[in-house]
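One structure is given below, encoded as structure tokens.
Derivation of every value follows stated rules applied to the coordinates shown; laboratory data play no part. Just so it is clear, the structure is predicted and the values come from calculations on it, not from any experiment. As a convention, Cβ positions derive from the backbone with ideal geometry for all residues, glycine included, and neighbour counts pool all protein chains shown.
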Amino acid sequence: MSQLVRFSISIESDLLDRFSDTARKHGYVNRSEAIRDLIRESLVREEWEGTEDVVGTITIVYDHHKRELSDRLTTIQHTYHDSVLSTTHIHLDHDTCLEMIAVRGTASDVQKLADALIAIRGVIHGKLSATTSGKKLK
Ligand code: NI
């Protein structure tokens, strides 16, 4: 972990008040940690615009009774096997499955994989959550 430094910023008081309220509402005990997280969020967004490997999860919810859907989901994951770290399958109820796919790869590959899975007919909902290996944020 790198050295902690202090810096001051100029900001409109109304804006700071609103930020402080929001930070408190989200459970931050001080504004510094809330601001650090905003900075990290912006750096992660930048990672996803670059060409280096990113990390994320894809969550999809689907009805496993739909014809050939499970096979198609598996085929697509094999096509992008370099980007798939692991898959967790949860039987939510008699009909519905939830799959969480941990991914690591270029943002472009990971996005293509997520798009391909989510676009399959019968997938009720899907979401790509973009995060980071954290290597550059320590
Ligand atoms: Ni299932």
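At a glance:
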read-out	value
In Hz, Karplus ³J(HN,Hα) per residue of the stretch 131-136 (6.51, -1.76, 1.60; θ = phi - 60°; x = Gly, Pro)	9, 9, 6, x, 3, 8
Angle in degrees between helix 31-47 and the longest Cα principal axis of the chain, rounded to the nearest 10	50
Summed side-chain charge close to Ile118 - residues other than Ile118 whose Cβ falls under 14 Å, Lys, Arg +1, Asp, Glu -1	+2
Spin-label pair His26/His78, simplified geometry with 7 Å Cα→Cβ offset, distance in nm	4.2
Selected from Leu85, Ser108, Ser70, residue furthest toward positive end of dipole (the stretch 12-138; charges at beta carbon)	Leu85
On Cα atoms only, tilt of 69-79 relative to the major axis of the chain in degrees	60
Sequence ranges 104-111, 75-82, 21-28, ranked by mean other-Cβ count within 10 angstrom, highest first	104-111, 75-82, 21-28
Rounded tilt (10° steps) of 107-118 against the dominant C-alpha axis of the chain	50
Largest-first principal axis extents of the Cα set of the chain (Å)	59, 32, 23
For the stretch 1-80: rounded, prolate or oblate by the Cα gyration tensor [a/c cutoff 1.5]	prolate
Qualifying aspartates and glutamates (Cα of each under 13 Å from Cα of Lys127; at least 8 residues distant if same chain)	Glu99, Asp115
Euclidean distance between Cα centres, the stretch 3-44 to the stretch 59-74, Å	42
Lys112/Ser13 FRET efficiency (R0 41 Å; Cβ-Cβ; nearest 0.05)	0.35
Projected label distance in nm at Asp37 and Thr51, using a 7 Å step from Cα toward the beta-carbon	3.4
